[in-house]
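All remarks here apply to the structure that follows.
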Amino acid sequence: MTWLIVSMAVLVETLIEYYKDLRENDFPVERFIALVLGIFFAFGASLCVFDLADVSFRIGGVGTVIMGIFLSRGSEWIHDFLDSKTHRKAA
């Protein structure tokens, strides 16, 4: 459960940074493309952050959008995210 809390904190931080960039008209095109692609692939592969955590969430699609945002953050972050989940289950 700890990794889920940390993941949600990272998500909030990411969304605040995106908001600041949008407000200042300084949102890089590359970041937007990464965000769209991340969400697209998350929906295409039916990836849901809440399914990984075995947590039920009442609003459909939210976990998939969140996973898409995580995917847009890059492979290093995803590797750390999944590695922490794997170590948690093994313990």
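The values are calculated or read from the model by the stated rules, or taken from the named source; none is laboratory data. Everything numeric in this text was worked out from a predicted model, so none of it was measured. Cβ coordinates were reconstructed from backbone atoms using ideal geometry, including for glycine residues, and neighbour counts include every protein chain displayed.
Being surrounded by 10 or more Cβ atoms within 10 Å (Cβ to Cβ) and either free of Cβ contacts under 8 Å to residues at least 12 places away in the same chain or among the small types (Gly, Ala, Ser) (or both) is the filter here; which residues of segment 13-28 pass it? The answer is Glu13, Ile16, Glu17, Tyr19, Lys20, Asp21, Leu22, Phe27. Taking first residues from segment 29-42 that are touching a residue at least 40 places away in the same chain (Cβ under 8 Å) and surrounded by fewer than 14 Cβ atoms within 10 Å (Cβ to Cβ) and partners that are in a helix (DSSP H, G or I) and of a type in the set (Lys, Arg), no Cβ contact under 9 Å between residues at least 6 apart in sequence or on separate chains turns up. Taking segment 39-63 as the range and being under 25 Å from Thr2 (Cβ atoms) and among the aliphatic types (A, V, I, L, M) as the test, the residues that pass are Ala42, Leu47, Val49, Leu52, Ala53, Val55, Ile59, Val62. Only a single criterion out of (1) closer than 17 Å to Gly74 by Cα; (2) in a helix (DSSP H, G or I) is not satisfied by Leu47, namely (2). Counting the residues of segment 52-69 that are under 29 Å from Glu30 (Cα atoms), surrounded by 14 or more Cβ atoms within 10 Å (Cβ to Cβ) and at pLDDT below 85 gives 1.
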